[in-house]
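So the structure is just underneath, and the comments pick up after that.
The numbers here are math on the coordinates, done by the rules we state, and not lab data. It should be emphasised that the depicted structure is a prediction, and the values quoted were computed from it without experimental measurement. Here the Cβ positions follow ideal geometry from the backbone for every residue, glycine too, while neighbour counts run over all protein chains shown.
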Amino acid sequence: MTSSPRSGSAGGEPRPAPRPPAGDPSDEQRGPAAQHPLPPLPYELSALEPVISAKTLSFHHGKHHKAYVDKTNELIAGTPFAELSLEEIVLRTAGDEHQTSLFDNAAQAWNHAFYWRCLRPIGHSDAIPATLARKIKDSFGDVGALKQQFAKAAIEQFGSGWAWLVSDGSQLRVCKTSNADDPLPQHLRPLLTIDVWEHAYYLDYQNRRPDHVHAVLDRLMNWEFAASNLA
Ligand code: FE2
């Protein structure tokens with residue numbers, strides 16, 4: 001998915017790209033200078049109920065995620081960024097004070113495309129593939145300790161943001177980011193994320209973010225997707 005930049009000096013010197021995580025599948029489908037599509041949800045709107053309602057999912061994907069994609073397309077139209085994948089745009093614009101709007105929207109477009117794939121429909125297997133289970137044991141001791149750290153990061157993130165399970169190349173760890181920030185510019189490889197912007201849970205849980213976080217961790221995490229991101 002990540003490739004060498006196809007254009008010149010868009011936003012300064014290119015940074016070395018981290019190993020490509022399985023983020024936005026639309027990046028693989030899109031040709032040069034095409035608009036970024038809103039990737040479809042990988043399940044039905046009701047597939048995550050009762051943890052996340054169809055109404056929340058409909059607004060979150062159809063309004064919020066779509067707005068980030070639309071704004072990204074608007075900002076890159078006619079610029080060298082139009083040649084780049086979302087990941088490349090995020091890496092090129094991170095920390096650039098002249099590109100904060102493009103970074104925020106492109107990162108949110110990437111983060112949401114990744115987030116949908118981190119969730120599994122209710123009733124699907126919660127088994128953790130052996131390769132990932134070994135990594136979790138090495139890094140956290142057991143899955144309970146991982147979930148405890150993940151929940152703490154998601155609950156304690158002040159204001160809008162994301163909690164992540166990432167690989168630093170040798171160990172797994174949990175981190176949190178504010179607003180649109182994600183681990184890509186830190187050269188960390190995302191395996192899973194939980195969206196803790198209020199739009200992700202407020203219709204269903206109001207101010208009870210901890211209840212939402214624990215329900216997502218216990219019932220919706222897609223461990224197969226996380227394991228696929230190790231490869
Ligand atoms: Fe969101």
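See the values below:
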{"quantity": "The chain, relative contact order [Cα under 8 Å, separation at least 6], %", "calculated": "24 percent"}
{"quantity": "Whole-percent pair-distance distribution, where bins are 5 Å wide, for the alpha carbons of the chain", "calculated": "1, 7, 15, 19, 20, 17, 12, 7, 3, 0"}
{"quantity": "Amide proton proximity set for Asn179, modelled H, under 5 Å, gap of 5+", "calculated": "Ser160, Gly161, Trp162"}
{"quantity": "From phi via Karplus (6.51, -1.76, 1.60), per-residue ³J(HN,Hα) for the range 127-134 in Hz, x at Gly/Pro", "calculated": "5, 9, x, 4, 4, 6, 4, 5"}
{"quantity": "Pairwise label distance in nanometres, Lys63 with Ala145, each label 7 Å out on the Cα-Cβ vector", "calculated": "4.2 nm"}
{"quantity": "Cβ-based exposure ranking for His187, His60, His36, in which fewest neighbours within 10 Å come first", "calculated": "His187, His60, His36"}
{"quantity": "Projected label distance in nm at Lys137 and Asp218, using a 7 Å step from Cα toward the beta-carbon", "calculated": "2.5 nm"}
{"quantity": "Mean ellipticity per residue at 222 nm, deg cm²/dmol - from DSSP H runs of n ≥ 4 across the chain, formula -39500 (n - 2.57)", "calculated": "-11500 deg cm²/dmol"}
{"quantity": "The range 127-185, relative contact order [Cα under 8 Å, separation at least 6], %", "calculated": "28 percent"}
{"quantity": "Ranked His199, His112, criterion: other C-beta atoms within 10 Å, fewest first", "calculated": "His199, His112"}
{"quantity": "Footprinting exposure proxy for Ser167, Ser85, Ser46 (fewest neighbouring C-beta atoms within 10 Å first)", "calculated": "Ser46, Ser167, Ser85"}
